[in-house]
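The values are calculated or read from the model by the stated rules, or taken from the named source; none is laboratory data. All values derive from a computational prediction rather than experimental measurement. Here the Cβ positions follow ideal geometry from the backbone for every residue, glycine too, while neighbour counts run over all protein chains shown. Areas reflect the complete protein model, heavy atoms only, side chains present, ligands, DNA and RNA absent. Shrake-Rupley method; radii C 1.70, N 1.55, O 1.52, S 1.80 Å.
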Amino acid sequence: MSEIAAAYSAWSPGYDGDENRTRDLDASQMRHWLAGRTFDTAVEAGCGTGKNTVVLAEVARQVHALDFSPGMLAVARQKVTSPHVQFVEADLLATWPVADASASLVTFNLVLEHVEALDVVLREAARVLARGATLRISELHPFRQYRGTQARFDGVNGAVTRIPAFVHHVSDYTDAAAAAGFTLRHLGEWWHATDEGEPPRLLVLEFQRT
Ligand SMILES: C[S@@+](CC[C@H](N)C(=O)[O-])C[C@H]1O[C@@H](n2cnc3c(N)ncnc32)[C@H](O)[C@@H]1O
């Protein structure tokens with residue numbers, strides 16, 4: 001198992017209960033964005049403990065929820081039991097267990113800071129999406145990464161675990177997406193209510209598969 005997958009499995013029992021404004025902001029923005037939309041097949045890349053899977057299950061006829069951390073998936077499987085949601089242990093850097101051109105939505109939420117090769121995962125997103133379909137990326141804003149913020153958690157012994165992370169500039173996302181066959185539809189930046197005077201916390205990019 002990779003160091004990142006193992007770290008998330010160690011974090012999984014506490015992930016939902018820890019104070020985490022970035023997770024909470026992502027959840028509220030995702031719920032807001034999904035409201036009023038419907039999808040045939042959605043692919044959630046890096047579903048974690050299923051906080052967004054719950055909402056995707058309400059708006060999509062079928063959901064493929066992929067993650068490579070057995071611990072995170074175990075929590076998610078307890079949270080979401082709908083038969084139209086399939087949780088699959090899968091590394092996003094390998095071929096996804098999803099058919100070509102079969103999806104109407106692919107989402108990444110707080111995942112890509114752990115993926116160095118954006119080109120590899122965005123090519124997979126392009127492969128599974130039908131033409132005209134939507135790719136949504138919601139990540140820790142690079143302005144925060146420049147200041148040293150990265151996913152981290154406190155272990156049971158009080159030691160802090162920093163999960164390996166890679167800085168992606170805004171242009172890294174837009175260039176990799178363009179090369180994979182996506183057109184940018186919208187770029188959003190979001191702050192938590194407590195972030196006054198701070199750089200944006202979340203970068204949200206919405207693309208269309210061309
Ligand atoms: C911060 S959590 C976010 C989980 C969920 N998307 C959310 O918003 O709560 C990051 C998740 O990405 C998963 N992840 C990171 N790199 C991955 C990879 N290469 N393949 C599959 N999952 C990966 C981790 O296991 C973890 O569950």
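Atom-type composition of the exposed protein surface of the chain places 52 percent of the accessible area on carbon and sulfur (1.4 angstrom probe). By DSSP, the beta bridges lying fully in the chain are antiparallel in about 45 percent of cases. Cα centroids of region 190-210 and region 1-35: 16 Å apart. When the Cα gyration tensor is reduced to axis lengths a ≥ b ≥ c, the ratio a/c is 1.5 or higher for region 141-202, and with a/b not above b/c it is classed as oblate. Going by a ≥ b ≥ c, the root eigenvalues of the Cα gyration tensor, does region 1-112 fall in the rounded group (a/c under 1.5), the prolate group (a/b larger than b/c) or the oblate group? Judged from the Cα gyration tensor, region 1-112 comes out oblate (a/c at least 1.5, b/c at or above a/b). Among the GluC sites (Glu not before Pro) within region 10-105, those in coil by DSSP and having at most 16 neighbouring Cβ atoms inside 10 Å are Glu19. Each residue was assigned an accessible area with a 1.4 Å probe, and for Asp18 the value is about 60 Å².
Classify the chain from the C-alpha gyration tensor, please: rounded if a/c falls under 1.5, else prolate or oblate depending on whether a/b exceeds b/c. Rounded, because the longest to shortest axis ratio a/c is under 1.5.
Looking at the chain, the accessible area is 45 square angstrom per residue; that uses a 1.4 Å probe and ignores ligands, DNA and RNA. Taking label positions 7 Å along the Cα-Cβ direction at both Asp40 and Ala193, the computed distance is 4.0 nm, reported to one decimal. Dipole magnitude for the chain: computed about the Cα centre from +1 point charges on Lys and Arg Cβ and -1 point charges on Asp and Glu Cβ, it is near 460 debye. Net length available on complete extension from Ala179 to Ala6 is 59.2 nm, with 0.36 nm assigned per residue and the Cα-Cα distance removed.
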